[in-house]
Amino acid sequence: MMDDLIQLAHNFRASLELQRNLGLLPRHMADFPRGCCGVTSELLGDYLNSYPSGPEAESVSAYRDGKSHIWLLISSLVVDLTGDQFPDRPAVYVGPVDNWYQSWEVDLRGKAQHCHTPTSHEEHAVLARFLDEFGLPSFD
């Protein structure tokens, strides 16, 4: 499972970078990865939660030193698609909760879901392009 999750996370990140470079991301995501931890975690987590008989993806929102960050927690594994917003962190991290994640104060934690917002249609198109690019099924 971990190898599949690592591959999925890296593929999603690569798709987001490609969409950014092609100018396909919605305006509020144009600076990806900066400021996109929430929306990318929600999109991937909601997709994983729609996967038949898959493990539940939780969204974790946390604060530290006046900054916020959001990542996924899946079967005790962190899936962080935008870690490179912070010094000395990899762009994609899939692994156990390490000291860096433990240093954050968790504010909210719950089942990952992509909520309906004025920009949700544009964000869902980002996920649809990723699924199409990698030939993955959609479970809408």
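Taking LEU44, LEU72, LEU108 in turn, the Gaussian network model of the chain (Cα-Cα springs below 10 Å) assigns the largest fluctuation to LEU108. Shown here for the stretch 95-140: trypsin sites (Lys or Arg not before Pro) in loop regions (DSSP other than H, G, I, E, B) with at most 15 other Cβ atoms within 10 Å, of which there are none. Length gained on full extension, MET1 to HIS121: 40.2 nm, using 0.36 nm per residue less the C-alpha separation. In loop segments of the stretch 52-140 as defined by DSSP, the chymotrypsin sites (Phe, Trp or Tyr not before Pro) with at most 13 further C-beta atoms inside 10 Å of their C-beta are PHE139.
When the Gaussian network model of the chain links Cα atoms closer than 10 Å, the mean-square fluctuations of GLN102, GLN113, GLN85 top out at GLN102. Taking every alpha-carbon pair under 8 Å whose residues sit at least 6 apart, the stretch 2-134 reaches a relative contact order of 28 percent. Adding -39500 (n - 2.57) for every DSSP H run of four residues or longer, then dividing by how many residues the chain holds, sets the calculated 222 nm ellipticity at -12000 deg cm²/dmol.
Only the coordinates and a few stated rules stand behind these numbers; no lab work does. Bear in mind that the values here come from a model prediction, so they are computed numbers and not experimental data. FYI the Cβ positions are ideal-geometry reconstructions off the backbone, even for glycines, and counts take in every protein chain you see.
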